[in-house]
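**Student:** Below you will find the structure I want to go over with you.
The values are calculated or read from the model by the stated rules, or taken from the named source; none is laboratory data. Note that this is a predicted model, so its numbers are computed, not measured. In this analysis, Cβ positions are derived from the backbone assuming ideal geometry, glycine residues included, and neighbour counts consider all displayed protein chains.
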Amino acid sequence: MSLIIGLSVVIVAVDGAHPRVLASERGQDGAALPFGAFDPDQHRTFELALRGWVREQTGFQLGYVEQLYTFGDRDRETPGATLSDMGADTRIVSVGYLALTPQAEHLPDGFEAHWRGWYRHFPWEDHRQGCPAIITDVIAPLLRTWAAGRSDHWQRASSAFGLDSHPWSDEAVLERYELLYEAGLVDECARDHGLPTPGFDLGVAMSSDHRRILATAMGRLRAKLRYRPIVFELMPPRFTLLSLQRMVEALLGQALHKQNFRRALDRAGLVAGTGQKESSTGGRPAELFCFVRGERKAALAPGLSIPLLRH
């Protein structure tokens with residue numbers, strides 16, 4: 001058996017209230033994250049290889065990048081999902097990366113990649129308007145049937161999806177997806193095991209295990225918002241406090257308490273007014289702020305306090 005070290009990347013941008021990821025269509029396998037092989041003879045580091053072939057495949061220049069996780073499960077690849085020249089006895093170990101960009105840039109003509117809303121793949125993760133109906137009307141009944149007679153299964157399911165008075169954890173994205181996969185409720189499970197496609201829509205499937213990789217990136221980013229000022233990698237140099245709040249809400253999939261969020265920003269000292277006003281809106285001009293890097297490195301600065309709005 002031959003071994004290929006692949007590099008996959010979740011490139012995130014937020015367009016207004018819509019978090020988006022860069023992906024390309026791979027026929028019947030669905031959308032695929034940017035992916036390429038690491039060649040030790042040509043590439044000095046993983047990150048340099050990643051930046052190079054992302055630019056070649058998508059025309060996109062990566063900015064902020066961090067290593068996410070290593071995905072090496074046997075039989076994780078489906079035909080045509082990643083590298084067209086890999087043989088049947090090839091095993092791929094994929095090193096996942098998370099990349100952030102301040103805007104969903106227009107991509108050059110001639111490239112297959114395009115921006116896709118990440119809630120298309122995880123519709124149960126958006127709680128900005130309260131618990132989505134897909135959980136109460138579809139997922140909860142299906143999981144009850146799956147867990148019938150197995151209390152430990154239902155305990156896991158109710159805890160993961162905030163059922164039976166369990167609190168919702170916005171960081172448990174991967175746990176929820178893997179539970180749905182285990183229960184046979186997502187299209188990837190049927191595809192991987194040669195079973196009929198489920199008769200209900202639980203998000204748009206992706207090639208190979210790319211929806212699992214995306215879930216890992218979403219959970220990582222949501223968690224990191226709380227202990228590192230990573231959200232400012234997605235913001236323009238000047239922004240209003242409302243646009244910053246909307247950015248955080250879009251990523252978390254939860255609504256924030258406006259006054260408490262602004263008080264927390266004041267206490268943390270992460271932003272400062274510029275004295276400039278936004279003039280593009282039809283209402284009262286809002287003050288523009290900037291991220292305060294100060295003398296300490298941004299990587300060591302604290303994250304945001306997240307005062308959630310209780311529905």
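**Student:** Among the residues that make up segment 146-167, is at least one of them closer than 26 Å to Ala99 by Cα and part of a helix (DSSP H, G or I)?
**Tutor:** No, segment 146-167 contains no residue that is closer than 26 Å to Ala99 by Cα and part of a helix (DSSP H, G or I).
**Student:** Does segment 231-261 hold any residues that are in a helix (DSSP H, G or I) and either closer than 16 Å to His127 by Cβ or touching a strand residue (DSSP E or B) at 6+ places or on another chain (Cβ under 7 Å) (or both), and which are they?
**Tutor:** Once the filter is applied, which keeps residues that are in a helix (DSSP H, G or I) and either closer than 16 Å to His127 by Cβ or touching a strand residue (DSSP E or B) at 6+ places or on another chain (Cβ under 7 Å) (or both), segment 231-261 yields Phe232, Glu233, Leu241, Gln245, Arg246, Met247, Val248, Glu249, Ala250, Leu251, Leu252.
**Student:** Can you tell me which of (1) more than 27 Å from Trp118 (Cα to Cα); (2) in a loop (DSSP other than H, G, I, E, B) is the one Ala264 doesn't meet?
**Tutor:** With respect to (1) more than 27 Å from Trp118 (Cα to Cα); (2) in a loop (DSSP other than H, G, I, E, B), Ala264 is out only on (2).
**Student:** Answer yes or no: is there a residue in segment 284-299 that is at pLDDT below 95, under 15 Å from Lys224 (Cα atoms) and either touching a Gly at 6+ places or on another chain (Cβ under 9 Å) or part of a helix (DSSP H, G or I) (or both).
**Tutor:** Yes.
**Student:** Filter segment 123-143 for residues that are of a type in the set (S, T, N, Q) and part of a helix (DSSP H, G or I) and give the result.
**Tutor:** Thr136
**Student:** In contact (Cβ under 8 Å) with a residue 24 or more places away in the chain and under 21 Å from Gly253 (Cβ atoms): is that true of Arg191 in this structure? Break it down stepwise before answering.
**Tutor:** Working: in contact (Cβ under 8 Å) with a residue 24 or more places away in the chain: yes; under 21 Å from Gly253 (Cβ atoms): no.
No; evaluated as a whole, the condition is false for this residue.
**Student:** Related question: Starting from segment 31-47, take each residue that is modelled with pLDDT under 85 and list its partners that are among the aromatic types (Phe, Trp, Tyr) and surrounded by fewer than 18 Cβ atoms within 10 Å (Cβ to Cβ), counting only C-beta distances under 8 angstrom and pairs at least six apart or across chains.
**Tutor:** Hits for this filter: Phe38/Phe46.
**Student:** With respect to the numbered conditions (1) free of Cβ contacts under 8 Å to residues at least 24 places away in the same chain; (2) under 28 Å from Pro34 (Cβ atoms), which one is the sole condition not fulfilled by Thr136?
**Tutor:** Unmet for Thr136, out of (1) free of Cβ contacts under 8 Å to residues at least 24 places away in the same chain; (2) under 28 Å from Pro34 (Cβ atoms): (2).
**Student:** Residue by residue through segment 229-245, note down the ones that are buried (at least 17 other Cβ atoms within 10 Å of the Cβ) and either in contact (Cβ under 8 Å) with a residue 60 or more places away in the chain or basic (Lys, Arg) (or both).
**Tutor:** Pro229, Ile230, Val231, Phe232, Glu233, Leu234, Met235
**Student:** How many residues are of a type in the set (Lys, Arg) and part of a loop (DSSP other than H, G, I, E, B) if we restrict to segment 40-71? Give the steps one after another, and end with the answer.
**Tutor:** Taking segment 40-71 first, the residues of a type in the set (Lys, Arg) are 44, 51, 55.
From what is left, the residues that are part of a loop (DSSP other than H, G, I, E, B) are 44.
Final tally of qualifying residues: 1.
**Student:** Here's another thing I want to ask about it. Residues being touching a Pro at 6+ places or on another chain (Cβ under 9 Å) and either closer than 16 Å to Ser94 by Cβ or assigned to a loop (DSSP other than H, G, I, E, B) (or both): count how many of those fall in segment 190-203.
**Tutor:** Counting residues in segment 190-203 that are touching a Pro at 6+ places or on another chain (Cβ under 9 Å) and either closer than 16 Å to Ser94 by Cβ or assigned to a loop (DSSP other than H, G, I, E, B) (or both) gives 3.
**Student:** May I pose another question? Kindly check whether there is at least one residue in segment 163-173 that is in contact with a Cys (Cβ under 6 Å, 6 or more places away or on another chain) and of a type outside the set (Val, Ile, Thr).
**Tutor:** Checking segment 163-173: not a single residue is in contact with a Cys (Cβ under 6 Å, 6 or more places away or on another chain) and of a type outside the set (Val, Ile, Thr).
**Student:** Now for a different question. Could you pull out the residue among Ala223, Ala215 that is surrounded by fewer than 19 Cβ atoms within 10 Å (Cβ to Cβ), touching a residue at least 40 places away in the same chain (Cβ under 8 Å) and either within 18 Å of the chain's Cα centre (by Cα) or not assigned by TED's automatic domain parsing to the domain that holds Val12 (or both)? Explain how you work it out, then say what you get.
**Tutor:** Numbers: Ala215 fails: surrounded by fewer than 19 Cβ atoms within 10 Å (Cβ to Cβ).
Step by step, each of Ala223, Ala215 is checked, and only Ala223 is surrounded by fewer than 19 Cβ atoms within 10 Å (Cβ to Cβ), touching a residue at least 40 places away in the same chain (Cβ under 8 Å) and either within 18 Å of the chain's Cα centre (by Cα) or not assigned by TED's automatic domain parsing to the domain that holds Val12 (or both).
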